[in-house]
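S.K.: Sharing a structure, written as structure tokens. Questions coming.
None of the figures in this text is laboratory data; all of them are computed from the coordinates on show. These numbers were taken from a predicted model, which means no experiment stands behind them. Counting neighbours? That spans all protein chains shown, and the Cβs are built from the backbone with ideal geometry, glycine included.
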Amino acid sequence: MAKLRKPRTSAVDPAAAAAAAAARLPWHPPAPPVPTALLISLAALLVRVLVSVGPYSGQGAAPKFGDYEAQRHWMELTLHLPTSDWYRNTSDNDLAYWGLDYPPLSAYQSLLHGSLVNASLPDAVALRSSRGYESPESKLLLRWTVLSSDLLVFFPAALWFVWAYMKGGIDVSGEERREGWTWLLAMILISPCLVLIDHGHFQYNCISLGLTLGAIAGVLSRNELIAASLFTLAINHKQMSLYFAPAFFGHLLGKCLKRKYPIVEVMKLGFMVLGTLALVWWPFLHSYQAALQVIYRLAPFERGIYEDYVANFWCSTSVIIKWKRLFAIKPLKLMSLSATILAFLPSFVQQVKSPSNLGFLYSLMNCSFSFYLFSYQVHEKSILLPLLPASLLALREPQMYGWFVYFALFSMYPLICRDQLLLQYIAMLGLFFLIYYSPGGNQGKRLKVSCGAKVVLSLPFLCSLVLNISYLQIEPPKRYPFLFDALIMFICFSQFVILTLYTNYKQWMLDTHSRSIGVKKDL
Amino acid sequence: MASTASPATSAAAWAFAAATFVKLLLVPTYRSTDFDVHRYWLALTHALPARQWYTDASSRWTLDYPPFFAYFSRALSLPAPLVDATLVSIPVPDAPPFAHLLYLRLTVTFSDLLLLGSVLLLAGDARRRQRPFLALLLVLWSPALLAVDHVHFQYNGFLMGLLLLSLYFLEQGWDLAGGVVFASLLCSKHLFLVAAPVYFMYLFRHYCCGRGVVKGLGRLMLMGSGVAAVFAAAFAPFVYYGQMQQVFNRLFPFGRGLCHAYWAPNFWVFYIMLDKILAFLLRRLGFNIAIPEASFTGGLVGDSSPFDVLPKVTPITTFLLVILAMAPYLVKAFSNPQPKHIV
């Protein structure tokens, strides 16, 4: 990264240039890479720590509490019970009270964190007696398990990704390389939804998303075997990471097909995936029953096609077509599977035909979005999955990303209000948009939006503002107690559909664009 | 000047906005007893007339800042009844609900706008003075200020803003304005009295001297009357009520002892340590040294300054020592007062 060039400003005259130099913030170009990356990482850590001070999910809400209690309970289980009992209903492990429903890597992570908590506060993870244990010390310890996981997994992955991106993973102009990387890193690290869910609500999405991000970075820097292994680990941490599987599969298959001995390449990747799987599932591979038990916990189909209000296809159209009433679970499973496959098929085919790193990023977003919109049992927190590749595309599609973040946050608004995280929501939204519009920052290309289009686009935005306030202040009518939730869901769904159509279109246009320029991709 | 200043201005405003959101995130963090102090003062200045501000003892957090701070508290309490009437009721209830906490935290954030204003003024001039922009940024983002103001709970951002405003005026050569603003700062928090000698010397030499006796005297009268007017605006009501002795006692609580419960890292630490070491040695050597009751490390606040060996330290002593330590700067300010050196 060239450090000696003058900062470029739009005005050419020296007075304006000098004035801009007088207002130079520390991360403006020329910015030394290592200290600036450290600065941004520390700022991201600060924001996370501050959000952690706020309440967690289910705070004080006996008897069931929330996700915080679930994670604490899993630490208790994995610490005290043998592996054969983790997914089985036993006298010590009541599956009805927050049974484990993530794959084994989550369980190992709970075991590790549980042993750390046990070392300083055994009462918090004592078998059976620690149900509903809440104290300032245990909150501090558990919050730090999330913070440390974030620091150890997500941050290095983000740094690797930005490095791989700028080193030629994606075609970047010299100016983007010099000036854009700080903004991109900030966009990836200071992602409001991720911070609010992981460090507010309390979850460990940073681990599975971090592993996925590492896999993406691996693909970009041509370390495909490492990428395959990391992605398998991600799937084994949270099965929702499967949302990205078609994108990885399509892109890697496309790349393999373009090489000299495709079968060998595919087999190498296959061995890597199977090897990693075997390593993680080792304790459960001794019998068919044991493995099946785990899988049964991972896919709870009996919970229905949707739960609560989530901005996806099934829930939004359920106002008109009552899916749950018309169809039984089996046909609904089939319908959602076919809809999902149909939705990600174009993106998948494009990557198999002409794989490219940029197309891979688009494909990740399109695949995860198709799963979010059409899959079975989607939660509102799953919006984090399409958000990750969207943040990676932030330099290419800045307006799309800003728009998406706003509505993704809005789609989680009811959850945020339930968790009393409103203050943190406002602060994160504010901080995100300040960084997004930071002075001297790089917003890349700007879409030419006509006046009429601007009016149309501002309509959902204004509606969202009105809903933000009315959700809190106004009582919904007795006949429709979830009126505001439904309205929020509709608005977000409409915006998500527009976004995914746009990104699918962009991915298809990549083919024609590269063909017209005659770029040869070196694979 | 305006067009070339705008990148700096927008960058400073941007930095302030970022700091404001961080302050918002700091709302639910730890707060010290200073929070209760200021909550009580908010209620006190709103609910009771000025006559009773320095005499009310319904809470142990008695008002010990000068009157301008009391007026400031009153101003901040004006919108409070719209939020919650119990915010401004005496006596103050014990455990504050979240709405009270949010309101008070927001008043601190709001008062920081004055700091932003002063920084913007200084930023507009930064290029000419060759002051790096980062320095101004660090004032807005000062971790010490964030920790003391927005966690521990105080209003130093506002007061710093006043100080910087006064310094800006002096830098521009507008001495009268600078002097008046400093006087109002003194009437807000008398802690800033430590800077008063330097101000006095600088203003006396720069503003009054060197223009001939008549003009000089005239200017002295002008400056004097400006400062006197400020002090009058602050203290006049209390002179009228005949409460000046009470006010003085509240403002300068020498009864609290030489060191606070939490020691500040200053010279007296060495003095105390030396005293203890000497006492220990001398006792070993057989001298009969009385062991006093109140101890410095006990965290107790008391009037007696029980030094075993070394002489007792009185307030007058500390005052003289402070003046002595400041002497070099006072001499410099007197001999060669330059606007660009004042900061």
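S.K.: Residues with beta-carbon under 14 Å from that of A:Pro192, excluding A:Pro192: net charge, scoring Lys, Arg +1 and Asp, Glu -1?
M.R.: Details: positive: A:Arg48, A:Lys381; negative: A:Asp198.
Around A:Pro192, the charge tally is +1.
S.K.: Right, here's the next one. What ranking, highest mean first, results for peptides B:236-248, A:35-47, A:245-257 when packing means the other Cβ atoms within 10 Å averaged over each residue?
M.R.: Values: B:236-248: 13.8, A:35-47: 17.3, A:245-257: 21.9.
Packing order, densest peptide first, comes out as A:245-257, A:35-47, B:236-248.
S.K.: Also, I was wondering about something else. What net charge is computed for the residues neighbouring A:Leu387, neighbours being all others with C-beta under 14 Å from the C-beta of A:Leu387, Lys and Arg scored +1, Asp and Glu -1? Kindly include the intermediate steps, with their values, before the conclusion.
M.R.: Numbers: positive: A:Lys381; negative: A:Asp198, A:Glu380, A:Glu397.
Taking every other residue near A:Leu387 into account, the sum is -2.
S.K.: OK, next. May I ask you to evaluate 6.51 cos²θ - 1.76 cosθ + 1.60, the Karplus curve with θ = phi - 60°, for each residue of the range A:190-198 and list the ³J(HN,Hα) values in order in whole Hz, giving x for glycine and proline?
M.R.: 9, 8, x, 4, 4, 5, 5, 6, 6
S.K.: Then there's this: What average count of beta carbons from other chains do you get within 10 Å of the Cβ of residues in A:425-434?
M.R.: On the way: counts 0, 3, 8, 3, 1, 7, 7, 1, 2, 6.
Counting Cβ atoms of other protein chains within 10 Å of each residue's Cβ and averaging gives 4.
S.K.: Here is a further query. Assign one of three labels to the range A:305-462, namely rounded, prolate or oblate, based on the Cα gyration tensor with a ≥ b ≥ c the square roots of its eigenvalues; rounded applies when a/c is under 1.5, prolate when it is not and a/b is larger than b/c, and oblate otherwise. Please report the intermediate quantities before stating the final value.
M.R.: Details: a/c = 1.97, a/b = 1.27, b/c = 1.55.
Oblate.
S.K.: What does the charge count near A:Pro103 come to, summing +1 for each Lys or Arg and -1 for each Asp or Glu among other residues with Cβ under 14 Å from its Cβ? Working shown, then result.
M.R.: Numbers: positive: A:Lys238, A:Arg297; negative: A:Asp101.
So the surrounding residues net to +1.
S.K.: Moving on. Quickly estimate the mean residue ellipticity at 222 nm for chain A, helices only: each DSSP H run with n ≥ 4 gives -39500 (n - 2.57), and the total goes over all residues, rounded to 500.
M.R.: Details: 23 runs with 333 residues, N = 523.
Rounded to the nearest 500, it is -20500 deg cm²/dmol.
S.K.: Can I ask one more? Please state the shape class of the range A:227-331: rounded when a/c is under 1.5, otherwise prolate if a/b exceeds b/c and oblate if not, all from the C-alpha gyration tensor. Display every interim value, and only then the final one.
M.R.: Numbers: a/c = 2.94, a/b = 1.57, b/c = 1.87.
Oblate.
S.K.: Name the residues whose placed amide hydrogens come within less than 5 Å of the amide hydrogen of A:Leu95, ignoring near sequence neighbours (fewer than 5 apart) on the same chain.
M.R.: It is A:Thr90, by chain and number.
S.K.: In peptide B:17-27, how many Cβ atoms from other protein chains are near each Cβ within 10 Å, on average?
M.R.: So the per-residue partner count for this stretch is 6.
S.K.: If you don't mind, there's one more thing I want to ask. Let me have the 222 nm mean residue ellipticity of chain B computed from DSSP H runs of 4+ only, each contributing -39500 (n - 2.57), with the sum over all residues rounded to the nearest 500. Please list the in-between numbers first.
M.R.: Numbers: 14 runs with 205 residues, N = 343.
Helix contribution divided over all residues of chain B: -19500 deg cm²/dmol.
S.K.: Quick one: dipole size for chain A, taken about the Cα centre, charges +1 on Lys/Arg Cβ and -1 on Asp/Glu Cβ, in debye to the nearest 20.
M.R.: Values: 44 positive and 29 negative charges, 338 e Å.
My answer is approximately 1620 debye.
S.K.: Relative contact order for chain A: what is it in percent, counting Cα pairs under 8 Å that are at least 6 residues apart? Intermediate results must be reported in sequence, preceding the final value.
M.R.: On the way: 622 pairs, mean separation 86.5, N = 523.
17 percent.
S.K.: Please label the shape of the range B:7-240 as rounded, prolate or oblate, based on the square roots a ≥ b ≥ c of the eigenvalues of the alpha-carbon gyration tensor (a/c under 1.5 means rounded; beyond that, a/b larger than b/c means prolate, else oblate). Provide the component values of the computation, followed by the final result.
M.R.: On the way: a/c = 2.77, a/b = 1.30, b/c = 2.14.
Here the range B:7-240 falls in the oblate category.
S.K.: Collect residues whose amide H, placed 1.01 Å from N in the peptide plane, falls under 5 Å from the amide H of A:Tyr306; neighbours closer than 5 in sequence don't count.
M.R.: Correct list: A:Gln377.
S.K.: Using R₀ = 41 Å, calculate the FRET efficiency as 1/(1 + (r/R₀)^6) where r is the Cβ-Cβ separation of B:Val239 and B:Ala47; round to 0.05. If you can, show how the numbers build up before the last one.
M.R.: Details: r = 23 Å, r/R0 = 0.57.
Once rounded, the FRET efficiency stands at 0.95.
S.K.: I've got another one for you. Using a 10 Å cut-off on Cβ atoms, rank the peptides B:225-231, A:394-400 from the highest mean neighbour count down.
M.R.: Working: B:225-231: 15.4, A:394-400: 20.1.
Per-residue Cβ counts within 10 Å, averaged per peptide and sorted highest first, yield A:394-400, B:225-231.
S.K.: Next question. Select from B:Trp41, B:Trp53, B:Trp14 the residue whose mean-square fluctuation is largest in a Gaussian network model of chain B (Cα-Cα springs shorter than 10 Å).
M.R.: Sorting by GNM fluctuation, first place goes to B:Trp14.
S.K.: Additional query: Using the C-alpha atoms of the range A:148-291, what convex hull volume per residue, in cubic angstrom, is computed?
M.R.: 127
S.K.: Which value does Rg/Rh take for the range B:119-216 over its C-alpha atoms, Rh per Kirkwood?
M.R.: Numbers: Rg = 15.5 Å, Rh = 15.0 Å.
Ratio of gyration radius to Kirkwood radius for the range B:119-216: 1.04.
S.K.: May I pose another question? Mind jotting down the distance between the C-alpha centroids of the range B:76-94 and the range A:49-108, whole Å?
M.R.: A separation of 43 Å, based on Cα centres.
S.K.: Go ahead and run the numbers for FRET between B:Thr317 and A:Asp94, Cβ-Cβ distance against an R0 of 60 Å, rounding to 0.05.
M.R.: 0.25
S.K.: Mind checking the full-extension length gain between A:Ile295 and A:Gln59? Use 0.36 nm per residue of separation minus the Cα-Cα distance, one decimal, nm.
M.R.: Details: separation 236, 0.36 × 236 = 84.96 nm, distance 3.01 nm.
Fully extending the segment from A:Ile295 to A:Gln59 adds 81.9 nm.
S.K.: Treat each spin label as a single point 7 Å out from the Cα along the C-beta direction, and report the B:Ala229 to A:Leu326 distance in nm.
M.R.: 8.1
S.K.: While we're looking at this one, here's another question. Take the Cα radius of gyration of the protein assembly as shown and divide it by 2.2 N^0.38 Å, with N its residue count; two decimals is plenty. Present the calculation step by step, with values, prior to reporting the outcome.
M.R.: Values: Rg = 32.8 Å, N = 866, 2.2 N^0.38 = 28.8 Å.
It is 1.14.
S.K.: Give a residue-ordered list of calculated ³J(HN,Hα) values for the range B:84-98 (Karplus: 6.51 cos²θ - 1.76 cosθ + 1.60, θ = phi - 60°; whole Hz; x for Gly, Pro).
M.R.: 6, 5, 6, 5, 10, 9, 9, x, 7, x, 6, 8, x, x, 4
S.K.: Got a sec to turn the phi values of the range A:24-29 into Karplus ³J(HN,Hα) couplings, 6.51 cos²θ - 1.76 cosθ + 1.60 with θ = phi - 60°, whole Hz, x for Gly and Pro?
M.R.: 3J(HN,Hα) across the range A:24-29, in whole Hz: 6, 8, x, 9, 6, x.
S.K.: Which value in nm describes the separation of the simple spin-label points at B:Ala147 and A:Phe461, placed 7 Å from the Cα toward the beta carbon?
M.R.: If labels sit at B:Ala147 and A:Phe461, their model points lie 4.0 nm apart.
S.K.: Cα centroids of the range A:172-219 and the range A:300-339: how far apart, whole angstrom?
M.R.: 31
S.K.: Computed FRET efficiency, Cβ-Cβ of A:Ser287 and B:Trp61, R0 60 Å: what is it to the nearest 0.05? Don't jump to the answer; show the numbers that get you there.
M.R.: Working: r = 69 Å, r/R0 = 1.15.
FRET efficiency, A:Ser287 to B:Trp61: 0.30.
S.K.: Taking 0.36 nm per intervening residue step and subtracting the Cα-Cα distance, what contour gain separates A:Trp144 from A:Ala453 on full extension? Can you show the working numbers first?
M.R.: Details: separation 309, 0.36 × 309 = 111.24 nm, distance 4.54 nm.
Result for the pair: 106.7 nm of gain on full extension.
S.K.: Let me ask something additional. Under 8 Å for C-alpha pairs, at least 6 residues apart: give me the relative contact order for chain B, rounded to a whole percent. The partial results should precede the final answer.
M.R.: Details: 352 pairs, mean separation 66.2, N = 343.
So the answer I get is 19 percent.
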